[in-house]
Protein chains: 2
Amino acid sequence: MSELTPLNAIGEFALINRLQAGLTLRQPGSVLGIGDDAAIIRPTAGTELVMTTDLLVEGIHFDLSFCPLRHLGYKAVAVNVSDVAAMNALPTQLVVALSVGPRFTVEAVEELYAGLRLACEAYNVDLVGGDTTASRGGLTLAITVLGEAPTGKAVRRSGGKPTDLLCVSGDLGGAFLGLQVLEREKQAFMADPETQPELANYEYVVQRQLRPEARLDIVHELRELGVHPTSMIDVSDGLASEVLHLCAASGTGARVFSEFLPLANPTLEAAAEFNLDPITCALNGGEDYELLFTVPVTDHEKIKNHPDITILGHLTGKEEGTNLITKAGQPVPLKAQGWTSF
Amino acid sequence: MSELTPLNAIGEFALINRLQAGLTLRQPGSVLGIGDDAAIIRPTAGTELVMTTDLLVEGIHFDLSFCPLRHLGYKAVAVNVSDVAAMNALPTQLVVALSVGPRFTVEAVEELYAGLRLACEAYNVDLVGGDTTASRGGLTLAITVLGEAPTGKAVRRSGGKPTDLLCVSGDLGGAFLGLQVLEREKQAFMADPETQPELANYEYVVQRQLRPEARLDIVHELRELGVHPTSMIDVSDGLASEVLHLCAASGTGARVFSEFLPLANPTLEAAAEFNLDPITCALNGGEDYELLFTVPVTDHEKIKNHPDITILGHLTGKEEGTNLITKAGQPVPLKAQGWTSF
């Protein structure tokens, strides 16, 4: 086993040099990357930019006892890129602000950066700047991403209209159940350190938790289908919370049919094992990073057969409220029980 | 005295609503600010962007026992804007990622935001996005700023040529001496909490430490003078460290004349009182946030009478090294004793 290097053994500038060694610039607009007071970026003609920042804090958003640093780096990029996708935009550049406590080594930070690099490759985004400093406590990671959309084509939360179809990509609730599995195995490990975690049967849900993907594929596919969403948001805090945000911004109500909620088999199995209602997991679980969006009802033909898009229901007038429609046809007001860090 | 509100009493969304209440958008390019998955920005035609991020961590970069939250907010923006200025660019938008531990109240976060808003007004930059979360420890603040420069006119560290004049704005060493004063008063207060801090005689250096200003005025004035710097960097870690960075990037050496180092009278007085060499404070003190830049020697006439720009010396061939020239005419190699957080 190779030796580990304390961060104070090499200093900030040498660390930055090591971290930037593996970085390449792919975007034609990335004129200058890491190494100056700021990056230089030339936006593509005819586009407008989107910009978003997200912070991940150890002990609040992640637990390094079961989240490998490489996965954390990947996820930190994915959750930011997901916000860019939710604007119907494609990511181009990002910067990383990282603070790490004294227990972290150079190798640990390099592992985190390996995850950042992998995600940058996967999403075709350039890491063009960063700030890396010490902290008194744990690890904090703030990423800011820039993206581009054709001018006037960025999609807000506020453009939904009554009768628009309400759609979601992928499936829901898996990330929350993955977290339940990981926390159970952590408890078992803490009670008996000889225990090997039993994750083989839970690969799908654990993957959903530890390594979510931003749905840039959906952004590309909607463009190919000629579908321009009227409103969009990513599902980070649970479907119920996001439907409420979207309806509040659009000034509408919504009808979400519980029987249409997309639930993967491994999610259903894990929910049964944990004695949890899978519909509740989908509505309030969070961290699925799917895209929730609305399209005009006239686009129904274009999307109804898409294997990875589900029509959940439709928007209504505001006065009808924001309801889950049960299998029995009963409306139940949606409530945001989404996650809050405070 | 009004009551203080714990953060968990109002939750993340209500907090964000309160924080964004006082924000206005001034930049024509700010199409959409806080409240969606991302901000929307329309870059000015004919410009390229610069982007930079900086992280301030409690206990590492600031001490809330003597740094008021409002000043911290202002400084956090100023140090980022300083990086934009160092590219010869003007700031346009920024996003703020903030994590705060359980001892902070809603009112404390609002006070921090008041400082952010003041700085946004002062530098004509729009706060267009943010993420605010809990932490297990103290306060961490990451700001990412976008700026604009006419295409091809952003100035890097790497464009300096031998014979170029090496110039610096303002004066040096004050922020470091301000920190010495503040730390001395903190020790006195901890020894005897009845002590009132004696800061009246140190107003200038304390201000340099607690409320530095980014030198956007210099960027504007150089444009007005028709001077285009060949290289530029901001002085955050001490002059010596920055001269070395600039020379390394430009592939040059430099001669910096110690007698030309700009030292304000309050800095000289405080240095004498603390028995510190003011030249050492200027070279290695850090946090002055002045601009260090080079101009062709043919621009000498244009800048020689500028009241707030000092010509420190000039660049040389790399083989001559990077030297401080003492009053006696002796070259002494510059060493980076700049601050590192690790």
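So which residues in the range A:270-293 are part of a loop (DSSP other than H, G, I, E, B) and hydrophobic (A, V, I, L, M, F, W, C)?
Correct list: A:F274, A:L276.
Please enumerate the residues belonging to the range B:57-104 that are modelled with pLDDT under 95, more than 11 Å from chain A (Cβ to nearest Cβ) and farther than 18 Å from B:G130 by Cβ.
B:F62, B:D63, B:L64, B:S65, B:F66, B:C67, B:P68, B:H71, B:R103
If you check B:N8 against the conditions, is it among the polar types (S, T, N, Q), in a helix (DSSP H, G or I) and either surrounded by fewer than 16 Cβ atoms within 10 Å (Cβ to Cβ) or free of Cβ contacts under 8 Å to residues at least 60 places away in the same chain (or both)? Please lay out each step first, then the result.
On the way: among the polar types (S, T, N, Q): yes; in a helix (DSSP H, G or I): yes; either surrounded by fewer than 16 Cβ atoms within 10 Å (Cβ to Cβ) or free of Cβ contacts under 8 Å to residues at least 60 places away in the same chain (or both): yes.
Taking the combined requirement at face value, the residue satisfies it.
Tally time: how many residues in the range A:28-47 are in a strand (DSSP E or B), over 21 Å from B:V96 (Cβ atoms) and at the interface with chain B (Cβ under 7 Å from one of its Cβ atoms)?
First pass over the range A:28-47, keeping only residues in a strand (DSSP E or B): A:30-32, A:34, A:36, A:39-41, A:47.
The next check asks that each one be over 21 Å from B:V96 (Cβ atoms); those that pass are A:30-32, A:34, A:36, A:40, A:47.
Add one more test, that the residue is at the interface with chain B (Cβ under 7 Å from one of its Cβ atoms), and what stays is A:31-32, A:36, A:40.
Total satisfying the criteria: 4.
Scan the range A:102-129 and report the pairs whose first residue is more than 27 Å from B:M87 (Cβ to Cβ) and whose second residue is at pLDDT 95 or above and among the β-branched types (V, I, T), with Cβ atoms within less than 8 Å and a gap of 6+ or a chain change.
Short answer, once both residue conditions are applied: A:G115/A:V77.
Among the residues of the range A:209-226, which ones are closer than 18 Å to A:C67 by Cβ and either loosely packed, with under 15 Cβ neighbours inside 10 Å or modelled with pLDDT of 95 or more (or both)?
A:E213, A:A214, listed by residue number.
Against the definition (under 30 Å from B:G22 (Cβ atoms), buried (at least 21 other Cβ atoms within 10 Å of the Cβ) and not β-branched (V, I, T)), how does B:E111 come out, yes or no?
Against the criterion (under 30 Å from B:G22 (Cβ atoms), buried (at least 21 other Cβ atoms within 10 Å of the Cβ) and not β-branched (V, I, T)), B:E111 does not qualify.
Taking the condition among the acidic types (D, E), surrounded by fewer than 23 Cβ atoms within 10 Å (Cβ to Cβ) and more than 9 Å from chain A (Cβ to nearest Cβ), does B:D164 pass?
Here the answer is no, as B:D164 does not meet what is asked.
If you scan the range A:26-56, which residues turn out to be hydrophobic (A, V, I, L, M, F, W, C), more than 23 Å from the chain's Cα centre (by Cα) and at pLDDT below 95?
First, the residues of the range A:26-56 that are hydrophobic (A, V, I, L, M, F, W, C): A:31-32, A:34, A:38-41, A:45, A:49-51, A:55-56.
From what's left, more than 23 Å from the chain's Cα centre (by Cα): A:31-32, A:34, A:38-41, A:45.
Selection gives A:I34, A:A45.
Rundown of residues vs (1) farther than 30 Å from A:V109 by Cβ; (2) outside the structural domain of A:A78 (by TED's automatic domain parsing), yes/no style:
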{"site": "A:L146", "(1), (2)": "no, no"}
{"site": "A:G160", "(1), (2)": "yes, yes"}
{"site": "A:A200", "(1), (2)": "yes, yes"}
{"site": "A:Q207", "(1), (2)": "no, yes"}
{"site": "A:R211", "(1), (2)": "no, yes"}
{"site": "A:D237", "(1), (2)": "no, yes"}
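So, A:G129, is that one closer than 18 Å to A:V57 by Cβ and either buried (at least 24 other Cβ atoms within 10 Å of the Cβ) or more than 10 Å from chain B (Cβ to nearest Cβ) (or both) or not?
no
Does the range B:169-187 include one or more residues that are in the same structural domain as B:D234 (by TED's automatic domain parsing) and either in a strand (DSSP E or B) or closer than 23 Å to A:G130 by Cβ (or both)?
Yes, the conditions are met somewhere in the range B:169-187.
Hey, among B:I60, B:I16, which residue is aliphatic (A, V, I, L, M), surrounded by fewer than 20 Cβ atoms within 10 Å (Cβ to Cβ) and in a helix (DSSP H, G or I)?
B:I16 is the lone residue from the list that is aliphatic (A, V, I, L, M), surrounded by fewer than 20 Cβ atoms within 10 Å (Cβ to Cβ) and in a helix (DSSP H, G or I).
Among the residues of the range B:67-90, count how many are among the basic types (K, R) and more than 10 Å from the chain's Cα centre (by Cα).
1
Condition first: in contact with a Ser or Thr (Cβ under 7 Å, 6 or more places away or on another chain) and not in a loop (DSSP other than H, G, I, E, B). Now tell me which residues in the range B:294-312 satisfy that.
The initial filter retains those residues of the range B:294-312 that are in contact with a Ser or Thr (Cβ under 7 Å, 6 or more places away or on another chain), namely B:294-297, B:308-309.
Answer for the range B:294-312, where residues must be in contact with a Ser or Thr (Cβ under 7 Å, 6 or more places away or on another chain) and not in a loop (DSSP other than H, G, I, E, B): B:T294, B:V295, B:V297, B:I309.
Run down A:K304, A:K318 and say which single residue is over 20 Å from A:D171 (Cβ atoms), of a type in the set (K, R) and surrounded by fewer than 16 Cβ atoms within 10 Å (Cβ to Cβ).
None of the other options fit; the residue is A:K318.
The values are calculated or read from the model by the stated rules, or taken from the named source; none is laboratory data. Since we're looking at a predicted model, the values are computed, not measured. Cβ coordinates were reconstructed from backbone atoms using ideal geometry, including for glycine residues, and neighbour counts include every protein chain displayed.
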